[in-house]
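Each remark here refers to the structure printed beneath this line.
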Amino acid sequence: MRPKIIILLSAIACIGGIVFFLACKYTYEFKVTELKEKAKETFTEALDKELKNRNINGGLSFYFNSESAISTEMPDSVYWEDASGRHLYRMDSKKNSMNITHNSNLRALHTFIFYEKPLQPDSLNLIWDEQLNKADIYLESALRISLTHEDGSVESQKTYQSEWGNSSNLVFTFYIGYACEIEVMGYLHYTLWGMIYKEVLLYLLLYIIVGYGFYTFFIILSRRINSLRSKEIVEIIKETPVEILKEVPVEIIKEVQVEKQIIKEVQRVDIIPLHSYILGESLIFYADQNIIEVDGIKQNIQPQSGLLLELFFLEKDNRYTLKEDFIIDKLWPDHSGNDKRMHSAIGRLRSLLKKIDPSFNIINKNGTYRLIISEKSLVKRNS
């Protein structure tokens, strides 16, 4: 695989991977936030349902600390009394802001009812689970209920077989009662995969489709650019009579030693058309017309063989050597080329050249093809 393709694939993988990760992260956070909101709503409904199932009997009276009531909006303590006597609770501003209701009368009702008959995690959790199912949430739920007594001691209970409940599964913390003496922590057994597996599969499919699309687009664009660079725009101008004031033949010969071969590049002004090559004394290759002339006899060759032969000639500074990938790109810019088609094209050109001159040959070595021209043959190019 060529370095450019490796770099392109690496870039697509890195950029796509980052976008994929961010999309999954955002989706997970959004769905967890939505789940927690629904969990709070359903638990509030469950608590209201539990409250309606209780029978309220007896009287209830509340007393505030008058000094704190005058100086602040929230009293620093609250008294309430029943048949067992007066009960004092200190108020906590943080807990107060996290109370399940801001209605003072409802808070007082919670204190009275749940003092007489405390909340049970298992029974309340069953009601909450029903409300969750109505909201299309089918996850295992659990509750932990803590009661703070007058002396500051805390008594806690939790749902049976809810060892999985921890901070990572916590969806809400509510306080209940006028003094926020009851703490309820709700848990839902959810996982990362369970929350966003549908979205992950969808994003993965989009990632593959978009990545493949970008890869194909850049490959096509790259091959098109290379194809345009390799084409020579030749303007054919009709011959018009020209008065030659002075004819000066010019011949520049440059000898280059290549292993056991001597290749002479000649540029000269003569009657041979532009873009042609002279091999030896009797062979001329007209690249623009895909014609080879041997001893004055012209014969047409396949355009593909003509293009391949010219590609070899253009690599004179590289010992007439072409890489396999380069050959495929040039002969099949539409990506239809492969090793089998390339070998067939090389074989046709090799057979053609050997019929003209047995000394010509094309050899394969280390992923490259090299045109071998005998020492007696000269390559002259008109450009």
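Checking each residue in segment 14-46 for being in contact with an Asp or Glu (Cβ under 9 Å, 6 or more places away or on another chain), over 17 Å from L139 (Cβ atoms) and among the hydrophobic types (A, V, I, L, M, F, W, C) picks out A23, C24.
Name the single residue, out of those in segment 180-200 being assigned to a strand (DSSP E or B) and β-branched (V, I, T), that is modelled with the highest pLDDT. Lay out the reasoning, then the answer.
Filtering segment 180-200 for residues assigned to a strand (DSSP E or B) gives 182-188.
Then keep just the ones that are β-branched (V, I, T); that gives 182, 184.
Working: I182: 93, V184: 96.
My answer is V184.
Please verify whether W164 is hydrophobic (A, V, I, L, M, F, W, C), in a loop (DSSP other than H, G, I, E, B) and under 23 Å from L139 (Cβ atoms), treating the condition exactly as stated. Please lay out each step first, then the result.
Working: hydrophobic (A, V, I, L, M, F, W, C): yes; in a loop (DSSP other than H, G, I, E, B): yes; under 23 Å from L139 (Cβ atoms): yes.
Yes, satisfied.
Residues considered: D317, D357. Of these, the only one that is in contact (Cβ under 8 Å) with a residue 60 or more places away in the chain and charged (D, E, K, R) is D357.
The values are calculated or read from the model by the stated rules, or taken from the named source; none is laboratory data. Remember, it's a predicted structure, so these values are computed and weren't measured experimentally. Note that we place each Cβ from the backbone using ideal geometry, even for glycine, and neighbour counts take in every protein chain shown.
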